Amino acid sequence: MTTHQEFLAPPQASTEGPTEVRPVLVALTGQPNVGKSTLFNLLTGLNQHVGNWPGKTVERKDGAFSYNGTDYRLVDLPGTYSLTANSAEEVITREFIIREQPDVVVALADAAILERSLYLVAELITLPAPVVVGLNMIDVAEQEGMKIEPEVLEAALGAPVVPMTATKNVGVQDLLEVVDQIVKGKKTYAPKPPQIRADHQEVMAEIECLIAGCVPEPYPQDWVALKLLEGDREITRMMRDCLEDEQWEQVHEVLREHDDALVAVAGGRYEWIGRMVRAAVTRPKTGPIGLTERLDRWATHPFWGLLILAGIMGLTFWLTFAIGTPLQDFLDTYVVGGSADLVQTGLSGAPAWLVGLIADGVIGGAGAMITFLPILLIFFAVMGILEDVGYMARAAYVMDSFMHLMGLHGKSFLPLFLGFGCNVPAVLGARVIESRRARLLTILLAPLVPCTARMTVIAFLAPAFFGAAAPLVSWGLVLVALMVLALSGVLISKTIFRGQRAAFIMELPLYHVPNWRTIGLLVWQRSLSFLKKAGTIILVISIIVWALSMLPTGDVETSYLAAIGRFLMPVGQLMGFDWRLMVALLTSFIAKENVIATLGVIFDVAEGAGLAETLASTFSIPTALAFLVVQMLFIPCAGTVAVVKQETDSWGWTAFSVGFLLVVSLLVGVIAFWLGNLLGL
């Protein structure tokens with residue numbers, strides 16, 4: 001492999017104007033849990049933008065800052081363990097560095113687990129962009145008794161190394177100074193990348209010779225040859241398209257003869273890492289047990305670990321109900337309800353349709369999203385603290401065997417658990433899962449967790465139909481929902497995601513004190529993103545549903561919504577439903593509690609005992625059981641659908657989610673109805 005010579009990269013002038021200079025582009029890379037978010041937030045503060053990479057569900061962060069008279073653009077690349085195309089994160093990281101050609105790549109490494117962190121560095125320094133290694137968490141390494149000599153490591157790497165502790169803002173200025181020197185040509189860059197194992201160097205040279213002149217820009221030829229030897233799928237596909245059939249056959253023949261080349265490539269990197277660590281790291285003598293190991297004896301224990309996790313989740317649930325629910329009720333009563341009352345009073349002389357549109361359609365629908373904020377704030381704060389401290393990985397480890405049965409990873413348990421409070425934070429909470437496949441499957445299954453809104457409907461209707469047996473029926477409904485969730489996970493995992501399962505690589509970082517600035521910014525960004533994106537979609541949906549319920553006569557019984565309910569009656573009759581129950585299900589799309597309100601309007605009785613008695617005398621027990629089952633499994637509220645679209649960034653997956661839940665809920669409802677009749681209920 002060719003060794004890079006001195007690399008100096010001054011900022012390039014923009015072509016947009018003679019006096020305008022583009023900001024210096026800095027890419028921030030590193031493996032998961034090395035402190036990238038802390039450093040990114042420290043440098044950019046609120047001057048950042050959070051979105052998704054084009055065509056991907058992977059989060060993208062861009063920010064800006066200035067240092068020493070120079071403007072910088074900082075791009076936080078997804079956390080990844082390597083640059084092999086095994087995941088969207090790995091492809092995004094390497095494609096950005098190769099195609100966008102950043103002026104500097106800052107590679108954060110965890111000083112306490114330097115060997116693992118250096119594997120990514122070993123790949124980064126083979127790419128054209130200059131690399132500055134930020135040796136983060138140096139304080140944690142010292143707590144574990146390790147001593148690292150940055151100057152020795154820098155000399156061995158041939159790339160700048162800066163010791164730092166981002167959570168305490170220690171060494172950050174030194175890092176910026178080195179980046180500034182690289183950008184302005186004041187510091188040379190002459191990396192010493194790892195070489196492929198000696199017994200395969202001739203093979204490497206042969207591959208380079210065969211593909212010479214055919215590698216598309218801007219991919220480095222030596223890097224492409226290396227990736228071909230590794231068996232990288234994306235690069236192999238690219239070169240297959242670029243080479244003539246005869247050329248490709250020659251390359252393919254060499255690769256076939258040396259199918260152990262991957263071991264030679266990885267072996268060369270690990271030998272290189274070993275030399276780096278032996279030169280620069282002094283380990284403590286065997287004997288003392290560190291804080292992390294002592295805590296993990298309990299946190300990762302098969303039994304005690306589950307109890308600790310249950311306690312933490314119980315505390316989170318308690319906080320959600322004790323603090324979040326009263327605040328949600330307060331916002332619902334005084335902010336949303338108060339705003340609707342003000343509109344009705346202020347527009348008393350306006351047309352009734354306009355008052356209804358604003359009060360019921362806009363405020364009652366989209367405005368209700370504000371009430372989710374307390375729950376979201378608590379969830380994001382708790383998840384942020386657990387992630388930053390290092391406990392999240394332990395929780396995932398403890399739950400992995402259980403979630404594995406559904407085709408999920410351990411981390412999926414945490415957002416799914418919060419679904420009992422509200423499905424909205426459950427879907428948003430899937431962001432803590434790095435694997436795209438596991439994240440998407442978690443999002444698809446989250447709406448099957450019975451939220452408090454569904455349970456509110458069950459709490460009202462179950463006593464009306466089942467009397468003293470209502471508690472038993474309610475628990476049975478929850479059990480049915482969880483069984484359907486588990487079976488759905490197995491079904492989707494074995495069919496749609498068949499063959500896409502990736503190995504669950506999970507780092508157990510050392511415990512450390514959380515960075516409150518990072519957690520605060522995370523809560524702020526995700527809450528703001530929820531209100532902006534989900535609120536926009538819900539506003540449109542709320543107006544549409546309101547219009548359907550009011551047009552053309554202003555009476556719900558003669559509305560288009562009722563017409564849709566009558567149109568769907570053939571499906572409803574399979575469960576004993578009439579058009580009124582079908583309409584109640586449809587209006588639950590805005591909010592699950594709308595079921596009770598809609599039935600009250602249709603039957604022209606109050607939402608109290610009168611409604612309960614009317615419903616009990618109108619519908620049979622099998623019909624009531626089927627309705628409650630469907631209500632538990634039916635398509636989620638508009639808020640959940642909105643965040644499913646936001647988090648998947650795909651109307652296709654959103655439509656699949658809605659369609660799948662619709663089919664499953666009606667199918668299980670039909671089964672419940674016929675079982676009820678069979679048992680003579």
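Values quoted throughout were computed directly from the atomic coordinates according to the rules given, and no laboratory measurement underlies them. Given the structure is predicted, the values throughout are model-derived calculations rather than measurements. When we count neighbours, we look across all protein chains shown, and the Cβ atoms used for this are built from the backbone with ideal geometry, even at glycine.
Here are some notes:
- Pairwise Cα separations in segment 198-282 fall into 10 Å bins from 0 onward with the following percentages, short to long: 17, 47, 23, 10, 3, 0.
- Cα-projected label distance for residue 100 with residue 293, points at 7 Å along beta-carbon direction, nm: 4.1
- Annotation: peptides 265-275, 75-85, 293-303, ranked by per-residue average of other Cβ atoms within 10 Å with the highest first, follow the order 75-85, 265-275, 293-303.
- Of 474, 650, 412, the sequence from fewest to most neighbouring Cβ atoms within 10 angstrom is 650, 474, 412.
- Available extension along the chain between residue 21 and residue 184 is 57.3 nm, counting 0.36 nm per residue and deducting the alpha carbon span.
- Average silhouette area of segment 24-183, convex hull of alpha-carbon atoms, in square nanometres: 8.9
- Of 36/168; 147/187; 592/645, pairs whose Cα-Cα distance is over 23 Å: 147/187
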